[in-house]
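The structure's right below; bear with me while I get my questions together.
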Amino acid sequence: MKPIHTILAGTCLIASMTACAPQQKETPKPERTPEALAMLQTLKTLPQQGVFMFGHHDDPVYGIRWDGDENRSDVKSVCGDYPAMMSFDLGHIELGDSVNLDKVSFDRIRREVVAQYERGGMSSFSWHLDNPQTGKDTWDVSDSTVVRSVLPGGANHEKFITWLDRAADYMNSIQTADGTKVPVLFRPWHEHTGSWFWWGQKLCSTEEYKALWSMTYNRMKEKGADQLLWAYSPGIEPNDTTEYLERYPGDSIVDLIGVDAYQFERAAYEQALDKSLRIMTQIGKSHNKAIAVTETGYETIPDSTWWTGTLMPIIQKYPISYVLVWRNAREKENHFYAPYPGQVSEQDFVKFYNDPKTLFAGDMKSN
């Protein structure tokens, strides 16, 4: 834990605040667990304190030149602490597989989500599920009728309900030893403003996309998944609040709004991320939603000062709850987004870690 972080002392935090009353006067959503409400309140409170969480996808399950080790993390190896936010993927849970699309055991993910919760951190789930129409992967965009086919009355509706049930059952199974369901942030149907997933912009109508979201939310509620928070995360394509909200499913079923933005060229990235965060800040205030950079990064991080020279100057201007970088693949060369020992941005990341605005897992418990 960084001693410099004293700002959170006394703040209601996720591991210990399950009985805390919300600080803001707002009507809680029905059928939401106290733990989920506590997590939501933390997401909203952190920006008010001038801090945000750092996150990393698949952080504790594999990394550069290692796979499956226990109590390990490339981030932890660099700075001595786990990320405050971790994300994992549900892809292939719909098929009934024991491992996800990145060949990580769902049992292992369950254990890691519980461990992250118990150390005071948070977890989120994305879902790169297969194409239910063609049987190919989530990136198969050869058919523009897939979303329509899974909606009520569609040829794949019953199969898709089974898929949703498998996802709900799995997330309901993520429990502490005393049977408490661990609250998680669920981020379905992400990056829909692009067209590289079968639910993307050119693959379905606005009405169909919103119906997909509503059906997902309602089925999860029917299955008793009341520990979930819900995140809406387009890409960088929207240029104003109207475009950002074009397919927004509604305030009643969204808790956090985000953006997925990756660097390929620095100036374009800086401009796009700043634009997106400006839009989200406006919407977050008017709709009372937490905001976050739900995915970002610079593949291989070749810039030795990227963390403090490119990323931080943009995100520190906005009231984000967290910023999360993508995974450190162990099966692909040059596909990593967080530093590891010896990586060129390692020392700059330590500076980023030591900044009082950044929170890691050790900072999420009261000092």
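Taking the conditions exactly as written (in a loop (DSSP other than H, G, I, E, B), at pLDDT 95 or above and surrounded by 20 or more Cβ atoms within 10 Å (Cβ to Cβ)), does residue 59 satisfy them or not?
Considered against the rule, which asks whether it is in a loop (DSSP other than H, G, I, E, B), at pLDDT 95 or above and surrounded by 20 or more Cβ atoms within 10 Å (Cβ to Cβ), residue 59 comes out as yes.
When the range 165-214 is examined, which residues are found to be crowded, with 18+ Cβ neighbours inside 10 Å, of a type in the set (Phe, Trp, Tyr) and closer than 15 Å to residue 113 by Cα?
Listed by number, the list holds a single entry, 186.
Cβ contacts < 6 Å: first residue under 13 Å from residue 215 (Cβ atoms), restricted to the range 161-173; second residue in a helix (DSSP H, G or I) and hydrophobic (A, V, I, L, M, F, W, C), any location; separation 6+ or different chain. Result?
If the second residue must be in a helix (DSSP H, G or I) and hydrophobic (A, V, I, L, M, F, W, C), the pairs left are 168/220.
Could you list, in sequence order, all residues of the range 96-121 that are at positive phi and either charged (D, E, K, R) or buried (at least 17 other Cβ atoms within 10 Å of the Cβ) (or both)?
Of everything in the range 96-121, those that are at positive phi and either charged (D, E, K, R) or buried (at least 17 other Cβ atoms within 10 Å of the Cβ) (or both) turn out to be 103, 120.
Which residues, taken from the range 115-129, are over 22 Å from residue 365 (Cα atoms) and not small (Gly, Ala, Ser)?
Hits for the range 115-129 are 125, 127, 128, 129.
Any idea how many residues of the range 122-142 are farther than 30 Å from residue 71 by Cβ, surrounded by 15 or more Cβ atoms within 10 Å (Cβ to Cβ) and either under 13 Å from the mean Cα position of the chain (by Cα) or among the charged types (D, E, K, R) (or both)?
Residues flagged as farther than 30 Å from residue 71 by Cβ, surrounded by 15 or more Cβ atoms within 10 Å (Cβ to Cβ) and either under 13 Å from the mean Cα position of the chain (by Cα) or among the charged types (D, E, K, R) (or both) within the range 122-142 amount to 3.
For the range 64-114, give me each residue that is in a loop (DSSP other than H, G, I, E, B), within 20 Å of the chain's Cα centre (by Cα) and within 27 Å of residue 365 (Cα to Cα).
The answer is 73, 81, 82, 84.
Of the numbered conditions (1) closer than 27 Å to residue 255 by Cα; (2) in a loop (DSSP other than H, G, I, E, B); (3) in contact (Cβ under 8 Å) with a residue 60 or more places away in the chain; (4) in contact with an Asp or Glu (Cβ under 8 Å, 6 or more places away or on another chain), residue 43 fails exactly one; give the number of that condition.
(2)
From the list 279, 283, 291, which one is under 21 Å from residue 242 (Cβ atoms), at pLDDT 95 or above and part of a strand (DSSP E or B)?
Of the residues listed, the single one that is under 21 Å from residue 242 (Cβ atoms), at pLDDT 95 or above and part of a strand (DSSP E or B) is 291.
Scan the range 271-290 and tell me whether some residue there is of a type outside the set (A, V, I, L, M, F, W, C), free of Cβ contacts under 8 Å to residues at least 60 places away in the same chain, out of contact with any Pro (no Cβ under 7 Å at 6 or more places or on another chain) and within 23 Å of residue 204 (Cβ to Cβ).
Yes, that holds for at least one residue.
If only one of 361, 290, 272 is among the small types (Gly, Ala, Ser), in contact with a strand residue (DSSP E or B) (Cβ under 8 Å, 6 or more places away or on another chain) and under 30 Å from residue 66 (Cα atoms), which one is it?
Going through 361, 290, 272 in turn, the sole match is 361.
Quick one: in the range 215-246, which of the residues that are polar (S, T, N, Q) and farther than 30 Å from residue 179 by Cβ is surrounded by the most Cβ atoms within 10 Å (Cβ to Cβ)?
233
To continue, here is another question. For the range 338-352, state whether one or more residues are within 17 Å of the chain's Cα centre (by Cα) and assigned to a loop (DSSP other than H, G, I, E, B).
yes
Inside the range 353-367, can you point out the residues that are part of a helix (DSSP H, G or I) and among the polar types (S, T, N, Q)?
354
The values are calculated or read from the model by the stated rules, or taken from the named source; none is laboratory data. The model shown is predicted, which means the values in this text are computed figures rather than measured ones. Backbone-built Cβ (ideal geometry, glycine too); neighbour counts: all protein chains shown.
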